[in-house]
Amino acid sequence: MINLWPLLLPAAAWSGWSLAKRQLSSKSNDNSNQFSREYVVGLNYLLNEQPDKAVDIFIKLLEVDSETVETHLALGSLFRQRGEVDRATRIHQNLIARPQLSLYQRKESLMALARDYMSAGFVDRAERIYLEVVALGGDRELSSLRGLLIIYQQEKEWEKALDIIKKLELSAGVSLQAETAHYYCEIALRNLKNNQTDKAFQAMKQALSVDKQSVRASLMLADFEVKNGRYKQAIKALKRVPDQDAEFLNEIIEPLVLCHRELDIMDECIDYLEQKLPDYPRASVIFVIGEYLSKEKGVDFAIDYVSSHLGKHPSIRGLNKLIHWHLESAHGKVRDKLQMLYAITTKFLENKPIYRCRNCGFAGHLLHWHCPSCKEWGSIKPIHGLEGD
Ligand SMILES: [Zn+2]
C-alpha cells in the first residue's frame, strides 16, 4: 500500500485544498474548521496505513461537484489498479449517487463502476451498467457494447453476443463478419452437444453465409457430413478450406483421405494434392502422396519421392516420419542407429507446439478458435517450416 501514497496524497491534498478554499469563501468559519479537522484525520489514517478509514473520510469530505468528479475517478482508478476493488467500488458508487453530475460525468462514473464489477467478478452487475450506458447513447456507447461483448463471450451467451455485435458494427461502422461467424459456430457446437443436429447444421450454414472465408465453418460442416456418411459433401466442404486460408491446408488432409478411401477414389485425392503441393509443400501432403506411391510403385520409389521433396522443403516432422519408414526395412547396426535418430526426433517434437497465435504468440498442441491468451478470434493457425508441418 505504501507505494500508493505518493500518488494518492497529492490528489487528496489538492481536492482538500480546493474544497477548503470554496468553503472558506462561502461558509462559516465553524464549517471550515470542521473540514480541516476531518481532513487532518483522513491524512493521519493514510499515513498510518489505515486506507479503509481514510477512504471513508475523503468520500465524506469531498463534495461531489464538477470540480471534484475527476479526483474521485482518479482515486477510484488508482485503487482498482492496485487490486483494491472494494475501495474503488465505494468511491464510484458514491459518485453515481449524486444527482448533480452532468450526463458525461455520469457515464464516466458508470463505466468506472462497471470496470470495478468486472474486476471483482460481478458480471451481472457490470452487464446492467453497460446496458444502462448503451441506453443513454452517445459517448461511451461503443465501450459499453465492447464490454457487453466480453461478458457474453465469457458467459457463452452467443445469441446475446450476436445481437450486440450487430449494434457494434452499426455504431462503429466496421465489419465484424469473422467474429459473427465464430458465434454461429459456437451455437452449432452447443446444438451438436444437445443432439439438435438440424439446428447445428443451420448454424454452420449461417456462419458460412455471414463469412464466406470461415475455415472453422467449413471444417465443422465437413466433420458433420463425414459423421453422416455424406463423403462427397464433406469433400466439397474440405476443398473450400485452402481457398479460404491456405495455412489450414494440413487440417483437411486426414478427413480428405478418409472420404476418398470410403468412396474408393484415392486417385482423385492424389491428383488434388499434387496440384496443391507446388504452392503448399507441407510434409503431411508429401507423405499422403508417398504412401499412395508406396502401394502403387513400391516402398523404394515412395522413399525417393518423399526424400526428394523433403530435401527441398525440410521439416523435422517429415524427417521423423521418413526415419520411421526406413526403420521398417533396416537391419543390424543401421537399424540401431535409425532407432536412435527416431527416438531423438520424436522426443524433440513432443515438446514442440503445432499451433501458434499470429497475434500474441501463444502456442500449443490444440487448435483453439478463440485465443486463450489474447482473446482474438481465428488468430491461432498451424505452424509451418522446419519445426512445423
Ligand atoms: Zn493470441
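The values are calculated or read from the model by the stated rules, or taken from the named source; none is laboratory data. Note that the coordinates shown come from a computational prediction; the quantities given were computed from them, not determined experimentally. Positions of Cβ are backbone-derived with ideal geometry, glycine not excepted, and every protein chain shown enters the neighbour counts.
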Residue within the stretch 342-353 that is within 16 Å of the ligand (Cβ to nearest atom) and either within 28 Å of Leu219 (Cβ to Cβ) or touching a residue at least 60 places away in the same chain (Cβ under 8 Å) (or both) present:
yes
Mind telling me which of the residues Val306, Val299, Val285 ends up being away from the ligand (no atom under 16 Å from the Cβ) and surrounded by fewer than 18 Cβ atoms within 10 Å (Cβ to Cβ)?
Val299
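Within the stretch 234-256, count every residue that is small (Gly, Ala, Ser) and at pLDDT 95 or above. Spell out how you get there, then give the answer.
At the first step, the residues of the stretch 234-256 found to be small (Gly, Ala, Ser) are 234, 237, 246.
This time we only want the ones that are at pLDDT 95 or above, so: 234, 237.
Looking only at that region, the number is 2.
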Between Arg98, Arg106, which is over 30 Å from Ala203 (Cα atoms), outside any helix (DSSP H, G or I) and over 26 Å from the mean Cα position of the chain (by Cα)?
Arg98
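Kindly establish whether Pro278 is in contact (Cβ under 8 Å) with a residue 40 or more places away in the chain and more than 16 Å from the ligand (Cβ to nearest atom). Spell out how you get there, then give the answer.
Values: in contact (Cβ under 8 Å) with a residue 40 or more places away in the chain: no; more than 16 Å from the ligand (Cβ to nearest atom): yes.
No: the conditions fail for Pro278.
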In the set Gly318, Gly290, which member is surrounded by 12 or more Cβ atoms within 10 Å (Cβ to Cβ), touching a helix residue (DSSP H, G or I) at 6+ places or on another chain (Cβ under 9 Å) and either modelled with pLDDT under 85 or not in a helix (DSSP H, G or I) (or both)?
Gly318
The condition of being in contact (Cβ under 8 Å) with a residue 60 or more places away in the chain and within 23 Å of Ala246 (Cβ to Cβ) holds, among Ser308, Ser284, only for Ser284
Counting only residues that are more than 6 Å from the ligand (Cβ to nearest atom) and over 25 Å from Lys212 (Cβ atoms), which one in the stretch 357-385 is surrounded by the most Cβ atoms within 10 Å (Cβ to Cβ)?
Ile383
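When only residues in the stretch 95-122 that are among the polar types (S, T, N, Q) and buried (at least 20 other Cβ atoms within 10 Å of the Cβ) count, which is modelled with the highest pLDDT? Write out each step before concluding.
Taking the stretch 95-122 as the starting set, the residues that turn out to be among the polar types (S, T, N, Q) are 100, 102, 105, 109, 119.
Subset that is buried (at least 20 other Cβ atoms within 10 Å of the Cβ): 105, 109.
Working: Gln105: 91, Ser109: 94.
Residue satisfying both the conditions and the ranking: Ser109.
Just checking, which of Leu367, Leu319 is without any contact (Cβ under 8 Å) to a residue 60 or more places away in the chain and of a type in the set (A, V, I, L, M)? Show your work before the answer.
Details: Leu367 fails: without any contact (Cβ under 8 Å) to a residue 60 or more places away in the chain.
Checking each option against the conditions leaves just Leu319.
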